[in-house]
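> I'd like to ask you about the structure that follows.
The values are calculated or read from the model by the stated rules, or taken from the named source; none is laboratory data. Treat the numbers as computed from the prediction; the structure is a model and nothing was measured. Note that each Cβ is placed from the backbone with ideal geometry, even for glycine, and that neighbours are counted across all protein chains shown.
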Amino acid sequence: MQVDKFENNGMAVLLLYPEGHRSFDVPRERLPQEAKPVDVFEVSFVHHRQETERVAAENRRLLEDLLGWDGQLWL
């Protein structure tokens, strides 16, 4: 990722590096304090399966509560 710029709303605009065709915003505090525009960072993603399962179960519970669904298939 390459830092493109910092916005006044506390967000940093990052570009995919080296392509630079796509950008996305992240909170400024997610970057090292010394980061500046043009700096390039390596980013990795770690899949947290246990947290994914917890969030999925919570989403199912909320949907069931919202729809009054008891978990049975609707036909």
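> Using the structure shown, decide if Met11 is in contact with a Phe, Trp or Tyr (Cβ under 6 Å, 6 or more places away or on another chain) and hydrophobic (A, V, I, L, M, F, W, C).
No.
> For Val38, indicate whether it is of a type in the set (Val, Ile, Thr) and either in a strand (DSSP E or B) or surrounded by 12 or more Cβ atoms within 10 Å (Cβ to Cβ) (or both).
Criteria not met by Val38.
> Condition test on Arg61, is it part of a helix (DSSP H, G or I), at pLDDT 95 or above and surrounded by 10 or more Cβ atoms within 10 Å (Cβ to Cβ)?
For Arg61, the condition - part of a helix (DSSP H, G or I), at pLDDT 95 or above and surrounded by 10 or more Cβ atoms within 10 Å (Cβ to Cβ) - is not met.
> Here is a further query. What number of residues within the range 17-35 are part of a helix (DSSP H, G or I) and exposed (fewer than 12 other Cβ atoms within 10 Å of the Cβ)?
Qualifying residue count, the range 17-35: 2.
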